[in-house]
């Protein structure tokens, strides 16, 4: 029998309340904590040992299956067939590295990225980073909320504003579970991830995929023309999300506080395994999006680039079932990613400036830009593109900060990045940030790409 250390249980409770901000917030159950301690003490082995630790990477993986990915992957598959599959794979590998670094930062330091920025940077820099990060969180939620609302409106044939109202209520209802601690919300998000994955598994049986050609283009890089390069820039440049980088460190900081360096090492190893598993699922979903779009649209409808157009075009090509499955996956993506985006906004505020606002107020504030966009008659696709540009501008701050902090022995001790990890992170950052710069330049007509 394993006896829990009350001080560590109190730590979990205190940190959870600090994170979620409510007196009702509860940590992981004692049963889950006990199971985790058995693993750390090497008293429990087997694949099921990971279940006590599962959750943070699954939640963070939603950032890589949000409605913005839907639009980009549909355009890539429709216009270039399987030609850009290798770009999706490369983007996913970069995402794995940075999410693993974020999780490690939370486990080793017991603080999230925003908190460390607050402690390590001058006050004016911290306030500027907070404002920029809040703008990024709102831009993220704009894309996610609009995407989910479009899916709901098309699925039930209702006006977009009505779909937005219903989506907002659903997301708020899901967020109510955060007052009960980690597990309920993680299970809901995990269930929505499963829905998205299942939907695209079904699509793979409906769409006539050329698997040999797909496998070839997944492994062999190629860029057909300047427009393909621009689309590759969009896929990679918008892959690593600012809120996901902040969020993952917060999700791991307060779960099972390690009692010594041996436990820290085991927690980091387990976290890396979860990141690989969760981001592999996210990567497969993105690949499946491209495969579906390629099989359905590339031959006769290469101009398809919007979610609404994709839905209406799918009906005569693959049937109503395929189109409905597509919308269900989009709706699950919008609800789950909007929920996670709201939680990330709370964490960013709590970390940078040490206070929070009620979850319903944050949900209302992050919804307002989407309602304003629709009410003013702004094209939703243009709004989605603009939100991605905002994210591209704000991404360098958390990405660079994460690289700087995880390489410092005074913060990370023996867990500071070794040179191969630091080199890979540096190269990944240069790739993503350079492509982000090209994406922003192209948006404003300044790109050198033809």
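What follows draws every value from the coordinates through simple rules; no lab data is involved. Keep in mind that what you see is a predicted model, and the values were worked out from it rather than measured. Note: ideal-geometry Cβ built from the backbone for every residue, glycine included; neighbour counts use all protein chains shown.
Quick one: helix 226-237 against the long Cα principal axis of the chain, what's the angle to the nearest 10°, folded into 0 to 90?
Its long axis makes an angle of about 20 degrees.
Between 333, 162, 102, find the one with the highest GNM mean-square fluctuation for the chain; connect C-alpha pairs within less than 10 Å.
162
If you average 1/r over every pair of different alpha-carbon atoms in the chain and take one over that average, what Kirkwood value in Å do you get?
Across the chain, the inverse of the average 1/r is 22.1 Å.
Given the range 254-364, report the % of alpha carbon pairs whose separation exceeds 16 Å. Each step should come with its number before you reach the end.
Numbers: 4505 of 6105 pairs.
Everything past 16 Å amounts to 74 percent.
Which whole-number value in Å³ per residue fits the convex hull of the alpha carbons of the range 331-415?
137
Only Cα pairs under 8 Å and at least 6 apart count here; give the relative contact order of the chain as a rounded whole percent. All intermediate terms of the calculation are to be shown ahead of the outcome.
Details: 688 pairs, mean separation 150.7, N = 450.
Relative CO of the chain lands at 33 percent.
Taking 7 Å along the Cα-to-C-beta vector as the label spot, tell me the residue 353-residue 414 distance in nanometres, rounded to one decimal.
Here the modelled spin labels are 4.1 nm apart.
FRET efficiency for residue 158 and residue 280, Cβ-Cβ distance as r, R0 = 45 Å, nearest 0.05?
Efficiency, from the Cβ-Cβ distance: 0.80.
How far apart, in nm, are two points set 7 Å out from the Cα along the Cα-to-Cβ line at residue 375 and at residue 211?
With each label placed 7 Å out from Cα toward Cβ, I get 5.1 nm.
Could you sort the peptides 245-256, 367-378 by per-residue average Cβ neighbour count (10 Å cutoff), highest mean leading? Don't skip to the answer; put the middle values down first.
Numbers: 245-256: 27.2, 367-378: 15.2.
Per-residue Cβ counts within 10 Å, averaged per peptide and sorted highest first, yield 245-256, 367-378.
Take the alpha-carbon centre of the range 102-147, take the same for the range 245-270, and report the distance between them in whole Å.
The two parts, judged by their Cα centres, are 18 Å apart.
When you count, for each residue, the other Cβ atoms within 10 Å and take the mean per peptide, how do 83-94, 121-132, 393-404 rank with the highest first?
Listed from highest to lowest mean packing, they are 83-94, 393-404, 121-132.
So what is the 222 nm mean residue ellipticity for the chain from helices alone, if each DSSP H run of at least 4 adds -39500 (n - 2.57) and you divide by all residues, rounding to the nearest 500 deg cm²/dmol?
Theoretical 222 nm ellipticity from helices: -25500 deg cm²/dmol.
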